[in-house]
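Scroll down for the structure; my scribbles are underneath it.
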Amino acid sequence: MKAVIMAGGEGSRLRPLTCDRPKPMVPVMNRPLMEYSVELLQRHGFREIAVTLQYLPDQIKEHFGSGGRFGVNLHYFVEEEPLGTAGSVKNAAAMLDETFVVLSGDALTDFNLTAAVELHRARGAVATLVLKSVENPLEYGVVMIGPDGRVNRFLEKPGWGEVFSDTVNTGIYILEPEVLSLIETGRMVDFSRDLFPRLLEMEEPLFGCVLEGFWCDIGDLREYLRAHREILAGRVEVQLKGREHRKGIWMEEGVSVHPRSQLSGPLYLGAGCHIGEGVRLGEGTVLGPHTRAVERSSVKRGLTWEGAYLGRKAALRGGILCRGVQLGEGAAVYEEAVVGNGTLIEEGAVIKPGVKVWPAKVIESGVTLNESLIWGTSVSRALFGRHGIQGEINREITPEMVVRLGAVFGSTMPGPVLVSGDADKPSVTLQKALVAGLLSAGAAVLDAGELLIPMARRATTYLQASGGIHLACFSGDRQVIRLSFFDADGLPLSRNMERKIEQLYYREDFPRASGDALGELLRLPDMAEIYRAELLQKISFQKLSRAGLRVVLGNPTSYLRRFLIPLLQELSCTVITVNSAAGGSPGELSVCRGGEELQSAHLNLAAAVRRNSATLGVVLTPGGERALLFDERGKAVQGDLYTALLSLLVFREQRGGTVAVPVHVSQVIEKLAERYQGRVLRTKAAPRSLMAPGKEQGASGKGPPNLAASLPFDGIAALVYLLDLLAGQDLTLTGLLEEIPAIKTTEKEIPCPWTMKGRVMRRLIQESANKKTEMIDGLKVYHPQGWALVLPDPERPSYHVYSEAFSEEFSDSLTDLYVQKIDALLKET
């Protein structure tokens, strides 16, 4: 039988391990990773093997040669330019004239390939994907299969709202040669993104095969370390060079161990290792050939490559020392830190967890290294949450971090970047760091000064900037800072763009500008005035003047006082301000930290509305994105009712208009749309998903913003347009709200471990196979009495269950039904 090993991987996320070698040549248990793939194929009867190469191909050719010493014949096919996974295999088409297997040279597995081939042939498939059930499917391509094994859907690196299964694509395929005719020669073609979806569309027999056994995609440093520990634990069927001298202690030839050293397995010592007096080697240790550990040094869960040296009292704890690294006396390297080839770490130096040191560096005596040195990589993790990047100042978000973020974002922008923020000290401090980073990447910076977030979005499009960044203290708390990123349309960044920034940030692999190519800083005039002018373009000042509306404004920030009060007065409104929380200074937001205190503040505001016979009351978030309204009776307008009110504003102002609302919001929006010949577009709950449809209908550049695009995340616009409608139609807010049918929705949150989210969702989908379902964002299941939505929280280990029915009682029962289902599935494991 024939096979293809894809071995062109550069391994950028494994740097600095892959600085001078292709990913398949990275050692695992002191053997190049690709050796395990060759041996697996040989064990299952594959003798003719094509090897596709692209990055540093000569290293692989020189090591493996013709393949004779492994009992196979290797044929090499080198890509001059990257062709993608399918394109690289097409490059080897000349020898692929029968059923063949494709696997990656940079993954570790002991799957039963013979069983997979037999199943492929028995089903008459043109392509079979080998699948594996995993705990966290976010970083893989999720594949959904039917009861007969047929593939029915692909999801490439989904968000939690799209995780409908825990079976993922392992990159191992059994293919018939005719599929190669669908791959255009010399073009970039990917199996998962291009070929398999096309086969699915053509209704060709495309199957999935879920196999038991070990599989590890060694895509990052955490998985690289895990592969060693799984082998040491005996959970992978592979051949090792060494032999077990005593239980859990493996040694290759020529190892020297001092009798007064302490060895606690499982551990593995490479050929020619020297273990000195008083040395302690703990579980999870793997030492490369000719590693020297001298007096009282220690290793636990650490890895070394060939020729590493640990000096007296040096410590390696869960880190990696590459070839020839010298760890000086008393120096220490901690969890998931990696030190590149030939680096010298002098006496007493400390490499903190997760730090990456590029090859051939010198870490001077006594230095504590908290950041990657010059060039580096890191274990992948998400920087971005639902609303940008946020964290505690000087702990989670530091000036150093913001400088790097600015440099990364600036390097991806083809034109100028707008920067704005609030006037709090943390924001002002970090803005300077951000600007420095942007300028260092050669980006021009438009400094818009102090703005609210909706103003910053509008300024980005008005000035035709390539993107924007807004810094503000989160909810007025000066300990927590948020960085909001916008694209050229003023929208939150797409997830693809966020991933790109995260990868560049952690790899630190982005261009720096030379001295004469540094960016320029341009300070802008008051962009808030442009926002104000656009906001008032369609307002009926005459009707507002006759109406004489009264507005109670709760807890305004100093900026809102300066901007919003004059704006409302220009609309002939009487403005009454209320600082509900004790200790609030005039002009500053008083933050209500406790739930009871917040409730008290709202009660005080509601009472102020009634006491002053006001038209309405309003509390705006510090960034100006959302408004909490109170009608003239003091009743709060929030949640689904607020969304319905905004939708009603759009439908009344733009008959036949379209609104975008999250899938979990009440169906009363559709009833309103029917009344006004409007249209409802159900989307994911992410801000970009809600804003983009309205943006597409609106103007860009210097035209007025579209109403539907403005309202969901612009509390000031929502307030102004609402006041204009009330004055123009001679309505009260209570009267307007009476147009909205009764909302009977409920919501509950249930904890669910991250590792169980994919499995729980898969089981829920299976159990709902006979019901009408939607999978826009989470799983929405329709019942005769209503619907229920199960939505994974993207930032917490939990699920949210939403339900709506014709009565509150039935809505509660639907919510409880799915909470109980999730609870039962969690107890099964």
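The values are calculated or read from the model by the stated rules, or taken from the named source; none is laboratory data. From a predicted model like this one, the values you see are computed outputs, not experimental measurements. All Cβ positions, glycine included, derive from the backbone under ideal geometry; neighbour counts span all protein chains shown. Accessible surface is based on the protein model in full, side chains and every heavy atom, while ligands, DNA and RNA are left aside. Shrake-Rupley method; radii C 1.70, N 1.55, O 1.52, S 1.80 Å.
The listed residues MET775, MET144 rank as MET775, MET144 when sorted by accessible area, largest first, using a 1.4 Å probe.
3J(HN,Hα) along region 139-156: 8, 10, x, 7, 10, 9, 10, x, x, 8, x, 6, 6, 10, 6, 10, 9, 7 Hz, from the Karplus curve 6.51 cos²θ - 1.76 cosθ + 1.60 with θ = phi - 60°, whole Hz, x for Gly and Pro. For region 15-23, 3J(HN,Hα) computed residue by residue from phi via the Karplus equation (6.51, -1.76, 1.60; θ = phi - 60°) reads 4, x, 4, 9, 4, 10, 8, x, 3 Hz, glycine and proline entered as x. The aspartates and glutamates whose alpha-carbon is closer than 19 Å to the alpha-carbon of LYS671, local same-chain residues fewer than 8 away aside, are ASP640, GLU653, GLU738, GLU739, GLU804, GLU808.
Extension gain, GLN654-THR429: 0.36 nm per intervening residue step, less the Cα-Cα distance, totals 76.7 nm.
Computed about the Cα centre, the dipole magnitude for the chain is approximately 1000 debye when only Lys and Arg (+1) and Asp and Glu (-1) carry charge, each at its Cβ. Could you give each residue of region 523-536 its phi-based ³J(HN,Hα) in whole Hz, using Karplus coefficients 6.51, -1.76, 1.60 with θ = phi - 60°, and x for Gly or Pro? These are the phi-based 3J(HN,Hα) values: 8, 9, x, 5, 6, 5, 5, 5, 4, 4, 5, 5, 4, 9 Hz. Cα centroid distance between region 727-744 and region 380-445, in Å? For region 727-744 versus region 380-445, the Cα centre distance is 42 Å.
Seen against the Cα atoms of the chain and their longest principal axis, helix 715-729 is set at about 30 degrees.
Against the chain, whose longest principal axis is taken from its Cα atoms, helix 453-462 shows a tilt of about 80°.
In a reduced charge model with +1 at each Lys and Arg Cβ and -1 at each Asp and Glu Cβ, region 396-517 shows a dipole moment near 120 debye about its Cα centre.
Shown here: Rg and Dmax of the Cα atoms in Å, derived from the displayed model; of the candidates [x] 30.7, 97; [y] 26.9, 90; [z] 34.6, 134, it corresponds to [x]. Using the alpha-carbon centroid of each, what span in Å lies between region 330-351 and region 493-568? Cα centres, region 330-351 to region 493-568: 45 Å. Net charge dipole, region 31-71: roughly 120 debye, given to the nearest 20, about the Cα centre with Cβ charges of +1 for Lys and Arg and -1 for Asp and Glu. Report the one residue of LEU119, GLY270, ALA337 whose Cα lies farthest in the direction of the positive end of the charge dipole of the chain (charges on C-beta: Lys and Arg +1, Asp and Glu -1; origin at the Cα centre). Farthest towards the positive end: ALA337. Between the residues ASN555, GLY105, GLY11, the greatest Cα displacement towards the positive end of the dipole of the chain, with unit charges on the Cβ of Lys, Arg, Asp and Glu, is found for ASN555. Label positions at ASP58 and VAL367, each projected 7 Å from the Cα along the C-beta direction, are separated by 3.2 nm.
Partner lysines whose Cα lies under 22 Å from the Cα of LYS500, excluding those fewer than 8 positions away in the same chain, are identified as LYS23, LYS157, LYS356, LYS684.
For region 174-265, GluC sites (Glu not before Pro) meeting the loop criterion (DSSP other than H, G, I, E, B) and having at most 15 other Cβ atoms within 10 Å: GLU184, GLU203, GLU212, GLU237, GLU253. What part of the accessible area of the chain, given as a whole %, is carbon or sulfur when the probe is 1.4 angstrom? Answer for the chain is 47 percent, counting heavy atoms of protein chains only. By DSSP, the beta bridges lying fully in the chain are antiparallel in about 40 percent of cases.
In Å², and per residue, what accessible area does the chain have when probed at 1.4 Å with the other protein chains present?
Heavy-atom accessible area per residue stands at 41 Å².
Each part gets one Cα centre, and for region 244-323 versus region 632-671 those centres are 66 Å apart. Modelled spin-label separation between ASP148 and VAL78, with each label point placed 7 Å from Cα along the Cα-to-Cβ direction: 4.7 nm. Counting heavy atoms of the protein chains alone, HIS274 has an accessible area of about 60 Å² for a 1.4 Å probe. In the chain, helices alone account for a calculated mean residue ellipticity at 222 nm of -9000 deg cm²/dmol, with every DSSP H run of four or more residues adding -39,500 (n - 2.57). Helix 399-412 axis versus longest C-alpha principal axis of the chain: approximately 90°, rounded to the nearest ten. Taking amide hydrogens as placed 1.01 Å from N in the peptide plane, the amide H of VAL480 sits under 5 Å from those of ILE393, PHE474, each at least 5 positions away in sequence or on another chain.
Restricting to Cα pairs below 8 Å that are 6+ residues apart, what does the relative contact order work out to for region 613-655? Please round to a whole percent.
Working: 34 pairs, mean separation 11.3, N = 43.
This gives 26 percent for region 613-655.
In nm, what is the difference between 0.36 nm times the number of residues separating GLN239 and LEU521 and their Cα-Cα distance?
95.5 nm
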